[in-house]
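K.L.:
This is the structure I have questions about; it appears just below.
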Amino acid sequence: MAARGVVVIGAGQGGLDTVAALRAKGYGGPVTLVGEEPVAPYQRPPLSKGFLTGATRHDELTLRTESFFSAQDITLVCGDRAERVEPDVQRVRLASGGTLRYDKLVLATGSRPRTLPVPGMDLSGVLTLRTLADAEALRGLLSGPPRQVVVLGAGFVGLETAATVRGLGHDVTVVEAQRRVLARALTPQLSEWLAGRHRSQGVRLLLGAEVTALHGTPAGEVAGVQLLDGRRLPADLVIVGVGALPETRLATEAGLLVGDGVIVDQWLRTDDRSVYAIGDCARFPSARQGRHIRLESVQNASDQARCVAAAICGESVPYTAVPWFWSEQYALRLQMAGLTAGHDETVTVGDPDGARFSVLCFRAGRLTGAESVGRPADHAIARRLLSSGTGPSPAEARAPGFDLKSFVTRPSSPAPAHA
Amino acid sequence: MAKITYLHPNGTATVVDVQAPNTVMRGAKLNNIDGIEAQCGGSAQCGTCHVYVDEQSTVPLPSMDSVEDDVLYGTACPRRENSRLSCQLPVTEELDGLVVHLPEAQS
Ligand SMILES: Cc1cc2nc3c(=O)[nH]c(=O)nc-3n(C[C@H](O)[C@H](O)[C@H](O)COP(=O)(O)OP(=O)(O)OC[C@H]3O[C@@H](n4cnc5c(N)ncnc54)[C@H](O)[C@@H]3O)c2cc1C
Ligand code: FES
């Protein structure tokens, strides 16, 4: 095969894991990773958590050192944007004017924050949180005296940011259009419980509330949030966390199949056999859900990266990894395994009042997902059970004294030393 | 600083010096050692930084807290008595000479 090699667009979690996995699998052709951000690939999760408080330093976010790219013979192009993909000639045009030829192309372009179609979104003091640059700007604004902060959206990024900002001593109001927090991601039980925790920390939660405008000062700084019901919330900082949109422009313009994400098959290939898409930007068929889904998580980007690298190395296997996700709010450890959408029965195990419990979700009597608070073993075991397709029945889970730990045996012997 | 040996499943060894305040997990990442995924970046959430501490090792390790013990229920390769999460092993002078075996798979 001609040695044009692999080009990966998007130097985030998925892009980085793809190039690393290609080399780990012994791929010998040229590998190029192109990223629009001016910095080397880093982890996003701490941006709404420890990075805002200063507990996590910039160098701890970095996924790999510079020496990794030279040692692995990977060309890392930072601060340049892929402007156009030309599938007919297997070429990528960069904003800098350069071009890259490929045998295989991987789109790992992630997602970008959604905004609201209301007046005032361009006022100063209105921020979104996606990149390191966003987080640095926000951290700067939070370092001074207490502010009146309004967070728009009670998704994971919105709630984590609300918790962190509250922990820094600022006044925080969260405005959410849905009737409950994390309505799309969590069961009503966990939504309600989590809302209670935010309220007890002094966060005002306005649910079922619609924003119609942001008001500003004559100097162009944000001053308030207007709600449909007539209320007006004073604000000198507004953080917009109303979800993310898949970054699909390149794919659309290249004529690939797109529909809320780049559409891929179970091998993560687009309708062009030389082009793959992974991570936040890809919509893939989920055997468990029986439909195409798009996920925004480190696990999804990372596991899909390894799946694509294997495919490029000629070891195609369908993508079937069990989805999981974690979130940290205040001192709470939230962990989600599997997908809870479409469940028809739940069983809560543990102690919600003591912030140690799991909501097990079932569909037609089978375990399909688990949401855990302060119960890492439940989460860890649920992931294993979901991957092997086993698990308790709802009746078993409801039995007094039930513990998921009874589904695993703890070993007694150390691992044999490797030969 | 501590000298740490990472033994790969194929028998090869990588020996590196790791500085505080890094962990054994971060030491592998910084030195381009494959076999540790660390999807959660060290927050004891994912279980993909699993290592087996060498049985002959006499290096004193910090004791395991209940979160680490719980997360180890979900490792891709079987948990053993000598299983640890490498992100929960902060590097100190005391860790000098530590030998860990990398499992066949992390996820
Ligand atoms: C604040 C925050 C907190 C989060 N917390 C968690 C968490 O706790 N747990 C969890 O599992 N997940 C979390 N996530 C989600 C997780 O970070 C993402 O799902 C993951 O990063 C997706 O990886 P990706 O490779 O698809 O996209 P990204 O990591 O976003 O990388 C995409 C990259 O592509 C670049 N790019 C896009 N278009 C182009 C182009 N045309 N040319 C060149 N480069 C381009 C972008 O600049 C970006 O750097 C969080 C996300 C955010 C924003
Ligand atoms: S890195 Fe995730 S548990 Fe250690």
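K.L.:
Rounded to the nearest 10 Å², what accessible area does residue A:340 have for a 1.4 Å probe in the complete protein model?
P.N.:
Counting only protein heavy atoms, the figure is 20 Å².
K.L.:
Rounded to the nearest 500 deg cm²/dmol, what is the calculated helix-only ellipticity per residue at 222 nm for the protein assembly as shown, with -39500 (n - 2.57) per DSSP H run of length n ≥ 4? Before the final figure, lay out the partial values.
P.N.:
Numbers: 13 runs with 113 residues, N = 526.
One gets -6000 deg cm²/dmol as the mean residue ellipticity at 222 nm.
K.L.:
Could you compute how much accessible surface residue A:75 exposes when probed at 1.4 Å, giving the result in Å² to the nearest 10?
P.N.:
Around 70 Å² of this residue is reachable by solvent.
K.L.:
Taking the Cα centroid of the range A:258-323 and of the range B:1-46, what is the distance between the two, rounded to the nearest whole Å?
P.N.:
28
K.L.:
About the Cα centre of the protein assembly as shown, what is the dipole size in debye to 20, counting +1 per Lys and Arg Cβ and -1 per Asp and Glu Cβ, all else neutral?
P.N.:
Values: 51 positive and 56 negative charges, 177 e Å.
The dipole magnitude comes to about 860 debye.
K.L.:
Return the average number of partner chain Cβ atoms within 10 angstrom of each residue Cβ along peptide B:42-52.
P.N.:
Working: counts 4, 8, 3, 13, 9, 6, 3, 0, 0, 1, 5.
That works out to 5 on average.
K.L.:
Mind telling me which of B:94, B:37, B:68 comes out most flexible in a GNM of chain B, alpha-carbon contacts under 10 Å?
P.N.:
In this elastic network of chain B, the residue with the biggest mean-square fluctuation among B:94, B:37, B:68 is B:94.
K.L.:
Let me ask something else about it. Would you please classify the overall shape of the range B:2-101 from the alpha carbon gyration tensor, given that a ≥ b ≥ c denote the square roots of the eigenvalues, rounded means a/c under 1.5, and beyond that prolate means a/b larger than b/c while oblate covers the rest? Mind dumping the intermediate values first?
P.N.:
Working: a/c = 1.30, a/b = 1.25, b/c = 1.04.
Rounded.
K.L.:
Considering only DSSP beta bridges where both residues belong to the protein assembly as shown, give the percentage that are antiparallel (nearest 5).
P.N.:
Details: 61 of 100 bridges.
Here the antiparallel bridges make up roughly 60 percent for the protein assembly as shown.
K.L.:
Ok, one more. Provide A:193, A:267 ordered by accessible surface of protein heavy atoms (probe 1.4 Å), highest first. Spell out each step's value before the answer.
P.N.:
Working: A:193 40, A:267 80 Å².
Reading off the accessible areas and sorting them downward yields A:267, A:193.
K.L.:
Tell me which residues come under 5 Å, amide H to amide H, from residue A:244 once H is placed; ignore anything under 5 positions away on its chain.
P.N.:
Excluding prolines and chain starts, which carry no amide H, the hits are A:114.
K.L.:
Would you please give the FRET efficiency between residue A:313 and residue A:183, computed as 1/(1 + (r/R0)^6) with r the Cβ-Cβ distance and R0 = 45 Å, to the nearest 0.05?
P.N.:
Working: r = 41 Å, r/R0 = 0.90.
Efficiency at R0 = 45 Å is approximately 0.65.
K.L.:
What shape does the range A:138-259 take by its C-alpha gyration tensor, where a ≥ b ≥ c are the square roots of the eigenvalues and a/c under 1.5 counts as rounded, a/b above b/c as prolate, and the rest as oblate? Could you put the intermediate results ahead of the total?
P.N.:
On the way: a/c = 1.70, a/b = 1.27, b/c = 1.35.
Here the range A:138-259 falls in the oblate category.
K.L.:
Excluding same-chain residues fewer than 8 positions from residue B:29, which lysines have a Cα within less than 26 Å of its Cα?
P.N.:
Candidates past the 8-residue exclusion: A:25, A:49, B:3.
K.L.:
Another question, if that's okay. Got the relative contact order for chain A handy, in percent, Cα pairs under 8 Å and 6 or more residues apart?
P.N.:
About 14 percent, as a whole number.
K.L.:
Please give the peptides A:352-362, A:225-235 ranked by average Cβ packing (other Cβ atoms within 10 Å per residue), highest first, as a rough proxy for protection. Spell out each step's value before the answer.
P.N.:
On the way: A:352-362: 19.5, A:225-235: 15.2.
Highest-to-lowest ranking by the protection proxy: A:352-362, A:225-235.
K.L.:
First check a/c for chain A, with a ≥ b ≥ c the square roots of the eigenvalues of its C-alpha gyration tensor; if it is under 1.5, answer rounded, and if not, answer prolate when a/b is larger than b/c or oblate otherwise. Walk me through the numbers before you get to the answer.
P.N.:
Working: a/c = 1.74, a/b = 1.11, b/c = 1.57.
Taking the square roots of the gyration eigenvalues as a ≥ b ≥ c, chain A is oblate.
K.L.:
Say each of residue A:115 and residue A:168 gets a label point 7 Å from the Cα, pointing the same way as Cα to Cβ; how far apart are those two points in nm?
P.N.:
Rounded to a tenth, the inter-label distance reads 2.2 nm.
K.L.:
Whole number in Å², please: accessible area per residue of the protein assembly as shown, 1.4 Å probe, ligands, DNA and RNA not counted. Each step should come with its number before you reach the end.
P.N.:
Working: 21690 Å² over 526 residues.
On a per-residue basis, 41 Å².
K.L.:
Please compute, for peptide B:68-80, the average count of beta-carbon atoms on other protein chains lying within 10 Å of each residue's beta-carbon.
P.N.:
On the way: counts 1, 3, 11, 5, 4, 14, 15, 2, 3, 1, 4, 6, 7.
Per-residue shielding by partner chains comes out at 6.
The values are calculated or read from the model by the stated rules, or taken from the named source; none is laboratory data. Fair warning: this is a prediction, and the values are worked out from it, not measured in the lab. Cβ sites come from the backbone with ideal geometry, for glycine too, and all protein chains shown count toward neighbours. What goes into the accessible areas is simple: the full protein's heavy atoms, side chains included, and nothing from ligands, DNA or RNA. Shrake-Rupley method; radii C 1.70, N 1.55, O 1.52, S 1.80 Å.
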